[in-house]
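Notes follow the structure.
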Amino acid sequence: MGDRTLGEPNTPLPETVARIQQLLAQRNLSADQYLDHKQLSFDTGVSTETVAALLAGRTTPESRETDTKEIARHRFRFLHKTRPAPHGEPYTPRELGRAIGVSGEWVRQLLGDQKKVPSLEVAKPLADLFGQEITFLTDTAPQALNRRLLQIQQSLEASTEGPDPMKQLFQEYGLQGISARSTHLRDHQKQIIAGMIIGMITSNDAEGR
């Protein structure tokens with residue numbers, strides 16, 4: 001395995017974090033929902049402690065690790081621990097070896113304390129087996145977290161730029177407004193209310209025919 005990661009995100013991590021925080025504030029959304037440390041750790045293979053530190057602009061020994069071999073070994077063990085086989089239990093070394101074309105003993109050593117390192121030829125089928133891109137095994141901690149955060153940012157931006165269901169409802173049916181106690185409805189709440197109103201309108205239309 002080489003010492004460089006594949007497809008490194010272009011936007012620096014601090015900029016991504018700042019943009020997400022801005023979007024969350026604009027949408028009146030909770031950071032706990034989108035920046036959950038445990039979920040981000042699960043998604044990236046980065047420890048929760050390092051996730052918390054990076055989000056706060058700090059570093060840890062893990063975040064400073066740049067040796068791809070060490071990173072790949074750690075991430076493979078993380079996948080093995082957190083992603084069970086279809087039968088619900090962790091993959092056995094024999095199952096993993098059969099799936100990626102190596103011996104069960106080699107996998108056992110990779111999971112153990114010996115300094116086994118997955119080559120690129122082995123890392124790719126390993127990542128595929130666990131439903132991940134090769135970058136899951138090769139990204140540094142900041143790169144891994146940034147890659148996931150950029151996906152969250154894109155989702156938030158798409159939500160921000162997307163059509164407002166209440167506004168669409170007003171335009172389509174000529175409604176002037178709706179009296180509500182809360183003036184800060186979330187998107188899913190707007191969808192529910194819009195659906196209820198459309199249901200009542202179409203029901204009345206059907207009865208009037």
Mind listing whichever residues of the stretch 77-87 are more than 20 Å from residue 109 (Cβ to Cβ) and open to solvent by 50 Å² or more (accessible area, probe 1.4 Å)? 84, 86, 87
In this structure, is residue 57 part of a loop (DSSP other than H, G, I, E, B), free of Cβ contacts under 8 Å to residues at least 40 places away in the same chain, of a type outside the set (Ser, Thr, Tyr) and surrounded by fewer than 17 Cβ atoms within 10 Å (Cβ to Cβ)? no
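Scan the stretch 25-49 residue by residue and report those that are under 16 Å from the mean Cα position of the chain (by Cα) and open to solvent by less than 70 Å² (accessible area, probe 1.4 Å). Can you show your working first?
Within the stretch 25-49, the first condition is being under 16 Å from the mean Cα position of the chain (by Cα), and the residues that meet it are 31-48.
Selection gives 31, 34, 35, 36, 40, 41, 43, 44, 45, 46, 47, 48.
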What number of residues within the stretch 88-99 satisfy the criterion of being open to solvent by less than 30 Å² (accessible area, probe 1.4 Å) and over 18 Å from residue 74 (Cβ atoms)? 1
Output the residues belonging to the stretch 9-23 that are among the aliphatic types (A, V, I, L, M) and either out of contact with any helix residue (DSSP H, G or I) (no Cβ under 8 Å at 6 or more places or on another chain) or without any contact (Cβ under 8 Å) to a residue 24 or more places away in the chain (or both). 18
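The values are calculated or read from the model by the stated rules, or taken from the named source; none is laboratory data. These numbers come from a predicted model, not from an experiment. Here Cβ is always computed from backbone atoms with ideal geometry, including for glycine, and neighbour counts include all displayed protein chains. Each accessible area value is taken on the protein alone, full model and side chains, heavy atoms only, with ligands, DNA and RNA left out. Shrake-Rupley method; radii C 1.70, N 1.55, O 1.52, S 1.80 Å.
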